[in-house]
Amino acid sequence: MLDRRIKKSDNELEKERDNLNAEISKLQLVGSEENETLKNSNQELEDKLQERTKELDETKEKLQSHDQAAKKAIAALQKEMALRVDQVSN
C-alpha cells in the first residue's frame, strides 16, 4: 500500500516536472522571439537615426553655404552704398 502511494506520488511529481519543463521551453521560445523583435526594432531605429543625421548634416551644409553667400552679398551692397555716398558727397 505504501509502495503504491510512493509510486503515485512519483508519477505525479514526474508529470509536474514535465509540465514545468514544457512551460520553461515555451517561455524561452517567447523570450527568444521577443528578443529578436527588439533587435529588429533597434536596428530600424538606428537606421532611421543615421538617415536623419545625414539629412541634418546636408541641410547644415546648405545653410552654411547660403549664409556665406548672404554675407558676401551684404558686403558688396555695403561697398556699393559707400561708393555712392562718396559720389554724392564729392
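The values are calculated or read from the model by the stated rules, or taken from the named source; none is laboratory data. A quick note: this is a predicted structure, and the numbers were derived from the prediction, not measured. Ideal geometry is used to build each Cβ from the backbone, glycine not excepted, and the neighbour counts take in all protein chains shown.
Under the condition of being hydrophobic (A, V, I, L, M, F, W, C), under 53 Å from the mean Cα position of the chain (by Cα) and modelled with pLDDT under 90, the residues counted in region 3-21 number 1. The set of residues in region 31-81 that are at pLDDT below 95 and among the hydrophobic types (A, V, I, L, M, F, W, C) contains only LEU38. Within region 15-32, residues that are touching a residue at least 60 places away in the same chain (Cβ under 8 Å) and in a helix (DSSP H, G or I) have Cβ atoms under 8 Å from residues that are aromatic (Phe, Trp, Tyr) and exposed (fewer than 10 other Cβ atoms within 10 Å of the Cβ) in no pair, counting only partners at least 6 apart in sequence or on another chain.
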